[in-house]
Amino acid sequence: MAWSTPTSRATGFDVTAAIWNQDVVDNAIELRAGGLAISGQAAGYIPRASSSSQLVTSSALAFGGNALAVTPTTTTQAGYLQTTNNGGAAYFGIDNSTGGTFGLGNYTTIIYSDGASGISIAATNATGYLDIFTAGVSAGNRRMRIHTSGGVSIGDTTDPGATNARVAGDAKFGTTSNFSWVSKTVNTVYQAASDGFVVAHALASGGAGSSLVQILTDASNPPTTLRAAQNGIPDTGRASVMSPVKKGDYYKVADSSTATVTTTCFWVPMGFNG
């Protein structure tokens, strides 16, 4: 059966069984079975309230097959789950005003925030950078910027250029401080867990013989390439040598002095694995 629009009847009109069955029984059955027509309705459209007493449908919200298709038409749609039209480009967002905003699309600014006291990420495609904030999105809370050049600035907004990094304040090497002095044993081979420097200090105590302190470092174990050396230290004199070491290479401070020389050496790592 199908819906049949009821006809208004005059006073004294005799309602036959056929009229009753059509206008009351069959129409009620049709409504119960889902036979509902709303203004603007088409296949796949989803009803929504246009007022406190009216339902409408439109192509802005519809099912296409098994998928929900959204075609936004305004920039002011709001809610915890929303889509908007930004200059003709679709935007999808999840917005919770109590903390938590996430957006995807061709938007001037795309922001994620897990609340006023959490971490926020904002990307601006007009200027082409990605900012990371703490405690809310504001210039004072900016901690890092990734530029379109590929450069990264920390605590700063100046673009250092492709593949470069810029740090405002002191750069931290090692684990918890700018660098650490790690004591090493003379005439012992070590492998560098990070880039760094090896430093040696020699103290002559007099006596016959000669002095020779060398730093050897390369990819071989043991290393054989001489990078720095000091010899002919005067009696009771002092001398220092230093050399950079590549991560993964081997290094050794070699003391082959025949005079009385006390040599100490240190490893100064540049990185978190040294």
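Please treat every number below as a calculation from the coordinates, not as lab data. Since this is a predicted model, take the numbers as computed values, not measurements. In this analysis, Cβ positions are derived from the backbone assuming ideal geometry, glycine residues included, and neighbour counts consider all displayed protein chains.
The table that follows gives values for the structure above.
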| item | result |
| --- | --- |
| Ranked by how many other beta carbons lie within 10 Å on average, peptides 213-221, 157-165 from highest | 213-221, 157-165 |
| Length-normalised contact order of the stretch 182-270 in % [C-alpha pairs under 8 Å, at least 6 apart] | 49 percent |
| For the stretch 220-264: relative contact order, % (alpha-carbon pairs under 8 angstrom, 6 or more apart) | 42 percent |
